């Protein structure tokens, strides 16, 4: 499933960086910074963060997030996804990011300013 951001861009047509609030994701270097400090994300965390930033304010289903991060159908790996999102939330919070990942019960997750 291909996900477009609000400007109708697909991952192939995105600029080299994504910026939202104090978060900058460098798509070429494969890293993310908050106020200039590297968040030290894993490849999977970075992939999820890019997806969230491209869809800021939109609710993304667990299936869409999983399939974009792992490039395979979700099946029974929901707990693994929850753990990775928890780790990503912690890194964003510790880095004092202006955005957070909220759980929308029974639907999915949303990346937005609190």
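The values are calculated or read from the model by the stated rules, or taken from the named source; none is laboratory data. All of these numbers come straight from a predicted model, not from anything done at the bench. Note that each Cβ is placed from the backbone with ideal geometry, even for glycine, and that neighbours are counted across all protein chains shown.
For the range 34-114, give me every one of the helices (runs of 4 or more DSSP H) that falls completely inside it and has 3 or more residues that are modelled with pLDDT of 95 or more, closer than 18 Å to residue 22 by Cβ and under 11 Å from the mean Cα position of the chain (by Cα).
43-54, 78-94
Taking the condition more than 13 Å from the chain's Cα centre (by Cα) and surrounded by 12 or more Cβ atoms within 10 Å (Cβ to Cβ), does residue 21 pass?
So residue 21 passes the test.
Working only within the range 32-50, note down all residues that are in contact with a strand residue (DSSP E or B) (Cβ under 8 Å, 6 or more places away or on another chain) and under 15 Å from residue 100 (Cβ atoms).
Selection gives 32, 34, 39, 49.
Need the failing condition index for residue 28 against (1) touching a residue at least 12 places away in the same chain (Cβ under 8 Å); (2) touching a helix residue (DSSP H, G or I) at 6+ places or on another chain (Cβ under 9 Å), just the number.
Failing condition for residue 28: (2).
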